[in-house]
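The values are calculated or read from the model by the stated rules, or taken from the named source; none is laboratory data. Because the structure is a prediction, the values reported are computed rather than measured. As a convention, Cβ positions derive from the backbone with ideal geometry for all residues, glycine included, and neighbour counts pool all protein chains shown. Remember, those area values only see protein heavy atoms, side chains included, never the ligands or the DNA or RNA. Shrake-Rupley method; radii C 1.70, N 1.55, O 1.52, S 1.80 Å.
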Amino acid sequence: MEKIIIVGGVAAGATAAAKLRRLSPDAQITMFEAGPDISFANCGLPYYIGGDIKSRSKLILQSPDSFNQQYQVDVHTNTRVTSIDKENKTITTLQALTGLKETYEYDKLILAQGGRPIKPEIAGANSDHVFTLWTLNDMDNIQNFIKDNDPKEAVVIGGGFIGLEMVEALTHRGIKVNLLEMMTHVMSVMDAEIAGYIEKEMLSYGVNVHTGKSVTAINNKSVSLNDGNVVNADMVIMSIGVRPTLQLAIDAGLDIGKSGGLLVNKYLQTSDESIFATGDMVEVENRISGQKVRIPLAGPANRQGRIAAENVLGGKHAYKGAMGTSILRVFEAVAGITGLSLKQARAIGLPADSVVVHREHHTAYYPGAETVTVKVVYDRETGAVLGGQTAGYKGADRRLDVIASAIAGNLTIHDLADIDFAYSPPLGTANDAINMVAYTAENRKSGYSPSITAAELDELMSEVNPIFIDVRDIFSFEKSHIKGARNIPLELLIGELNTIDRNTKIIVYDDNGKKGHQALRMLKGAGIDNVWNISGGIISLQHHEYAVGFNKITVQLPELELKNIKGDNNIETTKSQEKEEMSNNINNNSPIIVDVRTPAEFDGGAYPGAVNICLDDIESRIEELGNKDRDITLYCASGARSGYAQAMLSQLGFTNVKNGGGLMNMMMRKK
């Protein structure tokens with residue numbers, strides 16, 4: 001009977017134990033866990049504090065007794081393994097509650113000790129109002145402090161996964177939160193424009209975000225920063241990273257890797273062939289770069305636990321490495337990353353480029369459509385997908401998983417362009433955001449539509465002084481734009497070609513990159529070749545500005561939409577009242593201009609004095625148009641819907657109806 005000892009529970013250790021029992025009914029399996037819990041949902045801890053998860057017991061996945069009953073594993077909690085004797089294949093343990101020391105023999109040993117939160121040595125770090133979040137006990141301490149002390153303000157130190165999840169949790173509890181992050185933006189593993197999406201969401205909920213700042217001292221009711229400022233804090237959450245638990249392995253003489261994790265081979269064996277290791281404590285191979293890295297995530301830890309169990313019993317299951325696929329939700333906003341960022345890819349010498357698109361997560365005409373951002377990093381020579389990032393209120397997770405699958409399957413942007421994705425109006429679009437980002441990448445790679453990301457702008461402007469042309473409508477331009485840009489709406493661009501300097505580099509942009517591409521092709525068709533399109537348009541520019549800003553340009557940001565946890569229905573009511581008053585004031589005899597776009601489009605900017613009657617409401621609001629010989633001018637975004645409305649009114653007997661075309665054409669005629 002083979003004796004197998006597992007040091008550590010939770011994700012990797014508990015998974016390994018369960019897999020071992022399924023593979024071998026005879027093995028003698030013993031597990032030692034230094035803490036009181038062997039299997040709990042540590043990823044769910046912030047959501048219990050925030051109130052999303054109501055029952056604490058749901059976080060407890062297995063108790064020692066239930067685990068033993070289900071898997072016949074001898075479980076020892078509150079028991080620390082103090083030493084490993086590799087030559088004699090024994091371990092020594094210390095029971096924390098009784099002080100009992102014991103020795104156990106093993107044939108194979110699995111180390112799954114994970115890591116511990118980093119707690120820097122700064123003044124006040126050990127105060128009673130300072131917490132880390134890693135265990136159920138940590139969670140209980142935070143819960144009890146909030147209940148007993150009713151804190152009004154909190155500081156969260158660290159803008160990674162747990163830090164941001166705690167920002168939301170504390171805000172849900174009615175606590176004013178200041179977030180401190182030493183790096184230039186939160187979620188430093190992501191690109192600035194993706195992180196900016198999250199930062200904007202936090203700002204809209206009243207969270208104060210301080211980036212590029214470090215803490216010098218934690219005081220009784222405040223936190224001191226390295227720039228001399230002081231931030232009020234009734235409680236402090238420290239979430240600045242995780243350090244692997246390695247002392248046992250180091251004392252045993254096991255090799256440590258360059259990234260600071262325990263060194264293992266592809267079979268998850270350490271430098272001792274009888275000792276395996278998994279989870280947050282090990283370093284693994286990055287699946288794309290081949291470099292050794294530490295990726296302390298639950299998904300890889302679980303899979304490594306399964307593989308280690310197979311190999312302990314003589315298997316040869318190679319772990320292929322990790323891609324770092326990860327995602328988080330902060331309030332309603334979701335953002336994720338997989339594989340390499342553009343910066344990481346170029347840093348290791350790969351010929352990498354990147355593009356981004358912003359597209360509806362399902363068809364725009366079906367209610368509830370939200371914009372999903374998809375960014376892909378690819379090899380400009382081979383087209384191989386190297387990485388990707390996504391963001392949005394809906395659909396970001398699905399697209400991120402597609403990119404992760406593409407990396408694992410060695411697919412190219414050309415493969416992504418040709419994939420058939422499930423489509424139904426409530427669920428997707430005929431050309432999914434993944435298809436569209438692949439088309440955009442193909443266009444950049446081939447030179448058909450040269451583009452540049454927001455992150456690349458500063459570097460480009462260090463070399464040239466381009467002209468920026470904003471091809472959106474005047475209303476969108478006035479709300480947000482690159483300062484100094486020239487506004488030429490796409491519909492009017494062809495008439496302005498002779499006014500554009502052909503000897504200067506031109507950068508065009510729009511809302512999301514689509515019309516920018518059209519403008520670029522129009523300019524190239526007119527013989528203007530030195531032109532680029534900003535990938536992702538003003539949306540990407542805004543998010544990059546929120547995160548880190550620019551050195552060479554200034555992006556005027558729109559007014560931030562403020563949100564609150566409880567929600568606010570007064571805005572829609574106020575707009576409805578305004579529209580009702582507008583309808584009641586229509587003169588039945590004077591000429592009238594009617595905007596047949598949706599109310600949302602109308603609110604974004606309209607022709608002065610126009611009345612909004614959506615195309616769908618024309619028949620039900622026909623009486624508001626007055627006499628049938630009235631002078632009526634209709635318009636929409638492009639002229640298509642207003643043309644349809646013109647035909648409809650003519651059939652209903654109106655004799656003096658004109659189609660004014662698109663909004664920009666109307667504005668030009670007004671000038």
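Per residue of the chain, what 222 nm ellipticity follows from adding -39500 (n - 2.57) for every DSSP H run with n ≥ 4, rounded to the nearest 500?
Computed mean residue ellipticity for the chain: -9000 deg cm²/dmol.
Projected area of region 477-563, taken from the Cα convex hull and averaged over every viewing direction, in nm²?
6.3
State to the nearest 20 debye the size of the charge dipole of the chain about its Cα centre, where the only charges are +1 on K and R beta carbons and -1 on D and E beta carbons.
700
How big is region 407-488 along each principal axis, measuring the range of its Cα positions in Å and listing the largest first?
That gives 43, 33, 21 Å along the principal axes, largest extent first.
Report the label-to-label distance for Ala430 and Ser204 in nanometres (one decimal), using points 7 Å from each Cα along the Cα→Cβ vector.
3.0
Round to the nearest 10 and give me the degree value, 0 to 90, for the angle of helix 298-312's Cα axis relative to the longest principal axis of the chain.
40
Please give the per residue volume of the convex hull enclosing the alpha carbon atoms of region 128-239, rounded to a whole number of Å³.
On the way: hull volume 10.3 nm³, N = 112.
Once divided by residue count, the hull of region 128-239 is 92 Å³.
Quick one: if the Förster radius is 25 Å, what FRET efficiency do Asn88 and Ile250 give, using the C-beta to C-beta distance and rounding to 0.05? Working shown, then result.
Values: r = 19 Å, r/R0 = 0.76.
Once the sixth-power term is evaluated, E becomes 0.85.
Towards the positive end of the charge dipole of the chain, with charges on Cβ (+1 Lys, Arg; -1 Asp, Glu), say which of Gln518, Ile53, Ala34 has the farthest Cα.
Gln518
Give me the number: length gained by fully extending Glu332 to Ser63, i.e. 0.36 nm times residue separation minus the C-alpha to C-alpha distance, one decimal in nm.
Once the chain is fully extended between Glu332 and Ser63, it gains 93.5 nm.
Compute the length gained on full extension between Asn229 and Glu463: take 0.36 nm times their separation in residues and subtract their Cα-Cα distance, giving the result in nm to one decimal. Don't skip to the end; give the middle numbers.
Numbers: separation 234, 0.36 × 234 = 84.24 nm, distance 3.68 nm.
Gain in length upon complete extension: 80.6 nm.
Tell me, in nm to one decimal, what length is gained between Asp128 and Leu497 on full extension, where the rule is 0.36 nm per residue of separation less the Cα-Cα distance?
Working: separation 369, 0.36 × 369 = 132.84 nm, distance 6.73 nm.
Going from the current span to full extension adds 126.1 nm.
Kindly express, to the nearest 10 degrees and within the range 0 to 90, the angle between helix 640-651's C-alpha long axis and the longest C-alpha principal axis of the chain.
Helix 640-651 sits roughly 50 degrees off the main axis of the chain.
Where does each of 108-114, 608-614, 439-445, 238-244 land if you order them by average Cβ count within 10 Å, highest first?
Working: 108-114: 27.4, 608-614: 17.1, 439-445: 21.7, 238-244: 20.1.
Final packing ranking: 108-114, 439-445, 238-244, 608-614.
Taking the Cα-to-Cβ direction at Ile419 and at Thr554 and moving 7 Å from each Cα, how far apart do the two end points lie in nm?
Label-label distance for Ile419 and Thr554, simple model: 4.3 nm.
Taking 19 Å as the cut-off for C-alpha to C-alpha distance, list the pairs among Lys320/Lys445; Lys394/Lys479; Lys292/Lys320; Lys375/Lys514; Lys375/Lys479; Lys483/Lys552 that go past it.
Over 19 Å Cα-Cα: Lys320/Lys445; Lys394/Lys479; Lys375/Lys479.
On a 1.4 Å probe surface of the protein chains, which of Glu102, Glu283 comes out largest in accessible area, and what is the full order? Before the final figure, lay out each step's value.
Details: Glu102 75, Glu283 0 Å².
Descending order: Glu102, Glu283.
Can you work out the FRET efficiency for the pair Lys3 and Lys147, with r the C-beta to C-beta distance and R0 = 51 Å, to the nearest 0.05?
0.65
Just the Cα atoms of the chain, one point each, no solvent: what log10 I(q)/I(0) does Debye give at q = 0.08, 0.11 Å⁻¹?
-0.73, -1.19
Using all alpha carbons of region 1-96, what is the percent of pairwise distances in each 10 Å bin, ordered from the shortest bin to the longest?
15, 42, 30, 10, 3, 0
Taking the Cα-to-Cβ direction at Lys54 and at Asp401 and moving 7 Å from each Cα, how far apart do the two end points lie in nm?
About 2.7 nm, to one decimal.
Amide H neighbours of Gly387 under 5 Å, at least 5 residues apart or on other chains, H built in the peptide plane: list them.
Answer set, sorted by chain and number: Leu340, Val377.
Can you sort Trp532, Trp134 by solvent-accessible area, 1.4 Å probe, largest first?
The most accessible residue leads, giving Trp532, Trp134.
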